[in-house]
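Engineer: I have a structure here, written as structure tokens, and I will follow up with some questions on it.
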Amino acid sequence: MERGKKECKRPIDISHKKQAQTNPRHNQTVVFKNGVQIIGGYSIVGQKEGGGPLKSTFSKIMEDEYFGEKTHEAAEQKMFEYAIRGAIKSAGLERGDVDMMFSGDLLNQITSSSFAARSFDMMFIGIYGACSTMALTLGIASCLVEAGFIKNAVVSAGSHFATAERQYRTPLELGNQKPPNAQWTVTGVGASVLTSSTSPSASIHPRVTSVTFGKVCDWGVKDVNNMGAAMAPSAAHTLIAHFRDTNTKPEDYCHIFTGDLGKLGENICRDLLANANYPVDANYTDCGRLIYGKSQNQYQGGSGCGCSAVCLNGFILNKLRKGEYKKILFVGTGALLSPVASFQGNTVPGISHCVCIES
Amino acid sequence: MSQDVETRNEQYADYVKKMALPSKYFPSLIWAFLIGGLITILGQSFYLLYETVTDLSPEMIGALVAVTLIGIAAFLTAIGVYDRIGAFSGGGSIVPITGFSNAVSASAIEHRKEGIIFGTCTNMFKIAGPVIVVGVALSWLVGFIYFIIGLFGG
């Protein structure tokens, strides 16, 4: 204590303290002073998602899974290009106005994102956060924008059912049965454009006001077909950290969205939050549960980077813009598995990042 | 791993087991029986057909039936029908020789985009490979046992 006091008197520490006051970080949460505006969003999905209950909220529904390309991988890349262009256009900006692009997907070496970045003359940061990528890119980009290092940024994340199946599971035409706790990878890419804000009240757009970066949670789940159970502890952990750091309760938010826990994962997450004295009620939904209708029979629901990305850039942003939601939490949930790791007997660690958006 | 983490993980595993949906064994079994039975009826019909129209030996006809079923399954895989059958019939369409055909052709189609040699040829037996390996290993084992029994004048 004594030593700490002394050190605080030195000029360098005072400036450090001042810096901390502008954007204070409480434990895992970064709270923004001005907030970062989300001025544009675009979502592109496949036929199956386009036939689901959220169909009217998507910007574009592809006619087929190849999207005019020869391979599914090339289709995924084109979807990224399409979504990023669409988001920049919807923000009313030119391509040259955006400084930096943050993007990630599920493929090896995140090729869909980095290949798509070839078409844009922007600084590129590729991020792998498994299915939590949308929240992670949004969180990191918001920090850089709020800090004033960049003015405009585009963030995106996406997945394609066919490419994900090939990488993580079995060939598409193989006649095997999916176990009942499995999920269906969403074909879709979502992109949003962020810009700095001069003051909290100046913005007419939804704003990112705080970000909670998660810690990796591994509760020993080995079943790769039950990713909801593997990710639910991390989602609950990050949410609890956010409530604790910002001194809020679940009731303070109009809605809380998790990325792709599915029905089972959502129920587990509810129980874990209730055990920690942060009970959530009707104001909590999982995007994986939202995206497919009952008749589509997709087991526990949607999964993949695209799931939370298209829900955020469609349904959620629409409601924020209309003012139906005042303050929401968006939690990206990722299962950090690889086929090699799981064949070698490893468990499936989960990671979740939480972004608070206000309108 | 510490004791606490281990107990927590065990408790969590039990809890997840309670929450998770169990596999629906009964309908799966019925479908597997029906579709599997249908495939064998189809095989037997071809056998009878070949028996009447050709004068080949029973072994040759058996081989011909297998080839026919393999061809049909590969065709159904190529037009995207076999995986839909497999989604509800499970073991019923995996266990017969048609399942083997599906495993090989599905992998071959999937990796065609990476070229003939490094795509199709390399990955063709990705799923079905273990079946061949286990088949060869077991036949060796059975042959060996047969040989030992033969030595003692069985």
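Engineer: Does segment A:228-353 classify as rounded, prolate or oblate by the C-alpha gyration tensor (a ≥ b ≥ c root eigenvalues; a/c under 1.5 gives rounded; else a/b over b/c gives prolate, otherwise oblate)?
Structural biologist: oblate
Engineer: By counting other Cβ atoms within 10 Å of each Cβ, how are A:TYR42, A:TYR299 ranked from fewest to most?
Structural biologist: A:TYR299, A:TYR42
Engineer: Determine the relative contact order of chain A: mean sequence separation of Cα pairs under 8 Å and six or more apart, normalised by residue count, in whole percent.
Structural biologist: 24 percent
Engineer: Could you order the peptides A:132-138, A:276-282 from most to least packed, using the average number of other C-beta atoms within 10 Å per residue?
Structural biologist: Going from most to least packed, we get A:132-138, A:276-282.
Engineer: Run the helix sum for the protein assembly as shown: -39,500 (n - 2.57) per DSSP H stretch of 4+ residues, divided by residue count, reported at 222 nm to the nearest 500 deg cm²/dmol.
Structural biologist: Calculated at 222 nm, the ellipticity per residue is -15000 deg cm²/dmol.
Engineer: Using the Cα centre as the reference, give the magnitude of the dipole from point charges on the C-beta atoms of chain A (Lys, Arg: +1; Asp, Glu: -1; all else neutral), rounded to the nearest 20 debye. Spell out each step's value before the answer.
Structural biologist: Details: 36 positive and 31 negative charges, 209 e Å.
I would put it at about 1000 debye.
Engineer: Out of A:GLY214, B:GLY36, A:GLN300, whose Cα points farthest toward the positive end of the dipole of the protein assembly as shown (charges: +1 Lys, Arg; -1 Asp, Glu; placed on Cβ)?
Structural biologist: Highest projection toward the positive end goes to A:GLY214.
Engineer: Just to confirm my numbers, what's the Cα centroid distance between segment A:98-141 and segment A:222-258 in Å?
Structural biologist: 24 Å
Engineer: Another question, then. State the answer as a single residue: which of B:GLY91, B:THR52, B:THR68 lies farthest towards the positive end of the charge dipole of segment B:3-123, with beta carbon charges of +1 for Lys and Arg and -1 for Asp and Glu, about the Cα centre.
Structural biologist: B:GLY91
Engineer: Please arrange A:ASP64, A:ASP105 by how many other C-beta atoms lie within 10 Å of their C-beta, fewest to most.
Structural biologist: Least to most surrounded, the residues fall as A:ASP64, A:ASP105.
Engineer: Something else now. Within a 10 angstrom radius of each residue's Cβ in B:13-21, how many Cβ atoms of other chains show up on average? Whole number is fine. Present the calculation step by step, with values, prior to reporting the outcome.
Structural biologist: Values: counts 6, 0, 5, 13, 3, 0, 11, 11, 8.
Mean inter-chain Cβ contacts per residue within 10 Å come to 6.
Engineer: If one takes the longest principal axis of the Cα atoms in chain A, at what angle in degrees, from 0 to 90 and to the nearest 10, does the Cα axis of helix A:133-146 lie?
Structural biologist: That works out to roughly 30 degrees.
Engineer: Antiparallel DSSP bridges in the protein assembly as shown: what percent, to the nearest 5?
Structural biologist: So the antiparallel bridges in the protein assembly as shown amount to around 65 percent.
Engineer: Treating only the Cβ atoms of Lys and Arg (+1) and Asp and Glu (-1) as charged, compute the dipole magnitude of segment B:28-145 about its Cα centre; round to the nearest 20 debye.
Structural biologist: Values: 4 positive and 6 negative charges, 75 e Å.
The dipole magnitude comes to about 360 debye.
Engineer: Hey, another quick one. How many angstrom lie between the Cα centre of segment A:179-204 and the Cα centre of segment B:55-117?
Structural biologist: 43 Å
Engineer: Then there is this: Just counting partner chain Cβ atoms within 10 Å, what average do the residues of peptide B:106-116 show around their Cβ? Provide the component values of the computation, followed by the final result.
Structural biologist: Details: counts 7, 4, 2, 4, 9, 2, 1, 6, 1, 0, 0.
Shielding by partners across B:106-116 averages 3.
Engineer: Just rank A:THR163, B:THR40, fewest to most, by other beta-carbon atoms within 10 angstrom.
Structural biologist: Ranking A:THR163, B:THR40 by Cβ neighbours within 10 Å, fewest first, gives B:THR40, A:THR163.
Engineer: In degrees between 0 and 90, to the nearest 10, how far off the longest principal axis of chain A does helix A:262-275 point, with axes built from Cα atoms?
Structural biologist: Computed tilt is about 30 degrees.
Each reported figure results from applying straightforward, stated rules to the coordinates on display, with no laboratory input. Just so we're clear, the structure is a prediction, and the values are computed from it rather than from any experiment. Methodologically, a virtual Cβ is constructed for each residue, glycine included, from the backbone with ideal geometry; neighbour enumeration extends over all protein chains shown.
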